[in-house]
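Each remark here refers to the structure printed beneath this line.
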Amino acid sequence: MIPHIGGVSSHTYQLSQQLIKRGDTVYVLTYPHPEARDLDGVQVETASAPNIKGLRGFFFMLSATFHLIRMVRREKIDLIHAHFLLPLD
């Protein structure tokens with residue numbers, strides 16, 4: 001998601017905008033980045049991950065799993081659409 005621009009980011013943004021248009025509340029959980037922010041009605045949250053090559057994806061997966069569980073409970077989320085649950089790096 002923001003500030004990254006690319007295939008998955010663009011797809012996520014466009015999908016989010018269509019869901020918002022139909023009245024859904026949209027949350028995006030992504031890698032930590034100093035410029036990550038809510039955008040056009042999309043509520044963006046980040047999960048921590050140290051920037052260590054080869055380990056970042058593993059630590060993000062662990063951190064994001066627990067963060068997502070808390071989000072689902074807190075916001076009573078009905079549906080999860082995920083990209084790269086097991087990151088490549």
Highest-MSF residue in the chain out of ASP78, ASP40, ASP24 [GNM, Cα springs under 10 Å]: ASP78
Accessible area per residue in Å² at 1.4 Å probe, computed on the chain: 72
Computed helical MRE - 222 nm, the chain, DSSP H runs ≥ 4 contributing -39500 (n - 2.57), nearest 500: -13500 deg cm²/dmol
Acute angle (nearest 10 degrees) that the helix 56-75 long axis makes with the longest principal axis of the chain, alpha-carbon atoms: 30
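How high is the relative contact order of the chain? Use alpha-carbon pairs under 8 Å, at least six apart in sequence, and give a whole percent.
With pairs under 8 Å counted, the relative contact order is 21 percent.
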Answer label for Cα extents along the principal axes in Å (calculated), chosen among (i) 46, 27, 21; (ii) 39, 29, 21; (iii) 70, 47, 15: (ii)
Inter-probe distance in nm under a simple model that places probes 7 Å from Cα toward Cβ, at ASP40 and LEU62: 3.6
Long-range amide H partners of THR46 with built H, under 5 Å: THR30
Label-point gap, in nm, between ALA82 and LEU15 - each point 7 angstrom along Cα→Cβ: 1.2
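For VAL42, VAL72, give me the order by solvent-accessible area with a 1.4 Å probe, most accessible first, ignoring ligands, DNA and RNA. Don't jump to the answer; show the numbers that get you there.
Working: VAL42 0, VAL72 45 Å².
From most accessible down to least: VAL72, VAL42.
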Contour minus Cα-Cα distance for VAL8 and ASP24 (0.36 nm per residue): 3.8 nm
Helix 7-21 vs. the chain, principal-axis angle (Cα, 0 to 90°, nearest 10): 30
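The values are calculated or read from the model by the stated rules, or taken from the named source; none is laboratory data. All values reported here derive from a predicted model rather than from experimental measurement. With ideal geometry, Cβ positions are generated from the backbone for all residues, glycine too; neighbour counts draw on all protein chains shown. Surface accessibility is based on the protein's heavy atoms, side chains included, excluding ligands, DNA and RNA. Shrake-Rupley method; radii C 1.70, N 1.55, O 1.52, S 1.80 Å.
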